[in-house]
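Undergrad: Quick one: this structure, given as structure tokens, is what I'll be asking you about.
Where a number appears in this text, it was derived from the coordinates with a stated rule and is not lab data. Keep in mind that what you see is a predicted model, and the values were worked out from it rather than measured. Neighbour counts are summed over all protein chains in view; Cβ atoms, including those assigned to glycine, are modelled from backbone coordinates with ideal geometry.
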Amino acid sequence: MKLEQPLPSDPDALEVLFHKGIDSLQDMPADKRRADQSVYKILRTDPDATIFCSMVEKHANLLSRLQDLNSGEHTVLVPLDESWKHNGKLMTRMGGDQDFREAVLSAHISPHYVTTDTLVRFLNIPTILTPDGANGPQLARTRRSRTFQINDAATLTTGNIIAKNGIVHYLDRVLTPPHSSLSVLQSFSELSLFNKALLELELADDVAALGIKGRTIFAPTDAAFRALDDEIFDFLFDPKTGYPYLKALIKYHICQRHRLHKPDLAEEQHRPSHIFQR
């Protein structure tokens, strides 16, 4: 929800604003008519979930999660069949790449029981998608408006369908797995010097390294580099003399094994005492 004015600093005023936002949400009562069935059985008999189900059936581990009544509760965010039909390129890739297909499906399954009431108070939903090199557990972010939106794209159309082993919500769009840190950096033209340094100093593989859980990158923009003294800038980007120093500088901006969101930086106890150790 985009704010048209700054948040009030007074705690009481903040509480009033919070409850006003809650009151504006559409009420989604729980549907308990099939509460004795598994998540999979509910979806298998729903004509709007046939595509999601047919793909889940190709992955035994995912199917087991939705079928098993004794292995905990899961929340499943199910894209309606119509939403898949508008993603031809995605469907083509999923048809030929089973690992990618599993990643997409996993991005729609949370290992926690998450009702719409929970979404009011928690803006993030952990999912079972945790690929190597990921920045910790992948999150399907939510925001509040008149309804719920996931990743600022998909709208929750119907929710709180209770199953014996979880809960189902329906979405009008498909969620896609997040991109790697390196591909995100390369998508910003204003980070061209930072990206150039990563490639020429052979640090790109470190940024995209598999097996690293958690990373925060403080990426200087081109303007930040240009703000350096001309002599310093020319020295740093001189392959013969400055690259060892540029490499140390770049590493100083990469915080491994720590995932820091903007609010964390304001809290001293969340700040790591070191940055990027080799």
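Undergrad: From the backbone phi of the range 110-119, what are the Karplus-calculated ³J(HN,Hα) couplings (6.51 cos²θ - 1.76 cosθ + 1.60, θ = phi - 60°) in whole Hz, Gly and Pro given as x?
TA: 10, x, 10, 8, 10, 8, 5, 4, 5, 5
Undergrad: Given labels modelled 7 Å from the Cα in the Cβ direction, how far is it in nm from K240 to A153?
TA: Using points 7 Å along Cα→Cβ, the separation is 4.8 nm.
Undergrad: So if R0 is 35 Å, what FRET efficiency would S54 and L249 give, r being the distance between their Cβ atoms, rounded to the nearest 0.05?
TA: Working: r = 51 Å, r/R0 = 1.44.
According to the calculation, E is roughly 0.10.
Undergrad: Based on the Cβ-Cβ distance of H179 and L69, what FRET efficiency does E = 1/(1 + (r/R0)^6) give at R0 = 25 Å, to the nearest 0.05? Intermediate results must be reported in sequence, preceding the final value.
TA: Details: r = 36 Å, r/R0 = 1.43.
Result of the calculation: an efficiency of 0.10.
Undergrad: Work out how much length H258 to T118 would gain on full extension: take 0.36 nm times their residue separation and subtract the Cα-Cα distance, in nm to one decimal.
TA: 47.8 nm
Undergrad: What ³J(HN,Hα) values, in whole Hz, does the Karplus curve 6.51 cos²θ - 1.76 cosθ + 1.60 give for the range 181-189 when θ = phi - 60°, with x put for Gly and Pro?
TA: With the stated coefficients, the range 181-189 comes to 4, 5, 5, 5, 4, 6, 7, 9, 5 Hz.
Undergrad: Still on this structure: Could you please rank L199, L185, L43, placing first whichever residue has the fewest other Cβ atoms within 10 Å of its Cβ? Could you put the intermediate results ahead of the total?
TA: On the way: L199 12, L185 18, L43 22.
Arranged by neighbour count, lowest to highest, L199, L185, L43 become L199, L185, L43.
Undergrad: Over 21 Å between C-alpha atoms is what I'm after, so list which of K32/K85; K89/K196; K58/K85; K41/K89 land there. Each step should come with its number before you reach the end.
TA: Numbers: K32/K85 29 Å; K89/K196 30 Å; K58/K85 19 Å; K41/K89 29 Å.
Among K32/K85; K89/K196; K58/K85; K41/K89, the Cα-Cα distance tops 21 Å for K32/K85; K89/K196; K41/K89.
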